[in-house]
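The values are calculated or read from the model by the stated rules, or taken from the named source; none is laboratory data. Just so it is clear, the structure is predicted and the values come from calculations on it, not from any experiment. Positions of Cβ are generated from backbone atoms using ideal geometry, with glycine treated the same way; all protein chains shown enter the neighbour counts. All accessible areas refer to the heavy atoms of the entire protein, side chains included, with ligands and DNA or RNA removed. Shrake-Rupley method; radii C 1.70, N 1.55, O 1.52, S 1.80 Å.
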Amino acid sequence: MIKDKETVTPRKEMADYLSPMARGIKPSGIRRFFDLVSARKDVITLGVGEPDFTTPWHVREAAVYSLETGKTQYTSNAGMPELRGAIGQYLNDQFAVEYNPADEILVTVGGSEAIDLALRALITPGDEILIPEPCYISYSPITTLSGGVAVGIETFAKDNFKLKAESLQAAITPRSKVLILCYPSNPTGGIMTYEDWLPIAKIVEENDLIVISDEIYAELTYGSKHVSFAAVPGMKDRTILVSGFSKAFAMTGWRMGYACGHTDLIAAMLKIHQYTVMCAPVMGQYAALEALSPHGLEEKDRMMESYNQRRRLVVKGFREIGLDCHEPEGAFYAFPSIQSTGLTSEQFAQRLLEEANVAAVPGGVFGLGGEGHLRCSYATSVAQLTEALDRIGNFVAKVKQGS
């Protein structure tokens, strides 16, 4: 017999049903801040890491054509063989790393899923995951949700935010298992050269670590070509290379990514992928295949040239304003120091939005070493960047005058 609804009361608050891990995860510091932006007018946004370019028409047309011709079924769980082949050829041509498309490449729902799959496949509860910071904000929460323990390793502007061997060595304990790398870096724009990688690789081998190398900004380097950690001698089998089409190919909303690595690691990730999403969307896979065509690579290079122009404008602008700004050699972010203003990064970003209508991300949300900085994306128009720099300059002058 069903009781009268008025007599049935919950035994506990609904939030009490949540797992402790889900309750303990903080909302994204980036998204929380930009929820405030949506309620304002005339805001120049330098915050969300997204190209201002629309996906090239021929790439969109490939997806449309796939729909028109009835390509609406599941693909192989690992992704279309022709796309995996194209990814393998591209990585070999561009970064001198060779993967077998049959069992060493997995197409995922964005690079974010690839990182999640890699951590879930690798972590035994209690394992320590080493994360150079400041860094992309998702690494630590995903580690926690997978049962691991995130261990931040601070990097510094004086080192151009490179991971230093002595800092890595100091963070290693008997429970260390995985090192997550993100170079070119979000949020700093820092890169690592071949010479920078060599002492890191030595420590990785000596301590039997597995590396997740997030190379989503690999194409976006200025003055020197990206060096994949997987290309360092002896590191390919220890590395899960994660990348995708969001940034360099202006395809953020398509959610197309991939992971490459040793067949045993990719096979484990594939099993989780099978049970969670089945396969990446088929129309997105056709679009990604077209993005890797010669025409698509030409469009990528055209966008890259534009980012480089904007990068020079923004760095010069911050320095003229009086904010120290290291030279970002990759990605599309500047990470100026705002310490000279006497404000915390949260205070600076909040007041900048309220008083100057410019939105940027407080550096503190990116972990160790981020406080005292501001992440500003220059993936927006030159006109917008110029106006934003004017507004920031006026705001900084006002703050330093004590008003």
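Here are the numbers for this structure:
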| item | result |
| --- | --- |
| Subset of segment 66-82 [of a type in the set (Val, Ile, Thr) and open to solvent by 50 Å² or more (accessible area, probe 1.4 Å)] | Thr69, Thr72 |
| Given (1) modelled with pLDDT of 95 or more; (2) outside any helix (DSSP H, G or I); (3) open to solvent by 10 Å² or more (accessible area, probe 1.4 Å), number of the condition Tyr217 does not satisfy | (3) |
| Out of Ala267, Ala201, Ala230, sole residue that is modelled with pLDDT of 95 or more, under 19 Å from the mean Cα position of the chain (by Cα) and part of a helix (DSSP H, G or I) | Ala230 |
| Candidate set from segment 309-351 (those that are in a helix (DSSP H, G or I), hydroxyl-bearing (Ser, Thr, Tyr) and farther than 18 Å from Phe161 by Cα); member that is least open to solvent (accessible area, probe 1.4 Å) | Thr341 |
| Segment 227-252, residues that are open to solvent by 20 Å² or more (accessible area, probe 1.4 Å) and touching a residue at least 60 places away in the same chain (Cβ under 8 Å) | Val227, Ala231, Lys236, Lys247, Thr252 |
| Single unsatisfied condition, Ile212 versus (1) within 30 Å of Pro125 (Cα to Cα); (2) among the hydrophobic types (A, V, I, L, M, F, W, C); (3) without any contact (Cβ under 8 Å) to a residue 60 or more places away in the chain | (3) |
| Filter result (in a loop (DSSP other than H, G, I, E, B) and in contact with a strand residue (DSSP E or B) (Cβ under 8 Å, 6 or more places away or on another chain)) within segment 148-164 | Gly148, Thr155, Leu163 |
| Test: residue in segment 164-172 that is open to solvent by less than 30 Å² (accessible area, probe 1.4 Å) and within 23 Å of Ala267 (Cα to Cα) | no |
| Extreme residue, modelled with the highest pLDDT, among residues of segment 20-60 that are in a helix (DSSP H, G or I), more than 25 Å from Ser381 (Cα to Cα) and open to solvent by 90 Å² or more (accessible area, probe 1.4 Å) | Pro20 |
| Residue in segment 130-153 that is surrounded by the most Cβ atoms within 10 Å (Cβ to Cβ), counting only those that are closer than 21 Å to Ala331 by Cα, among the hydrophobic types (A, V, I, L, M, F, W, C) and modelled with pLDDT of 95 or more | Cys135 |
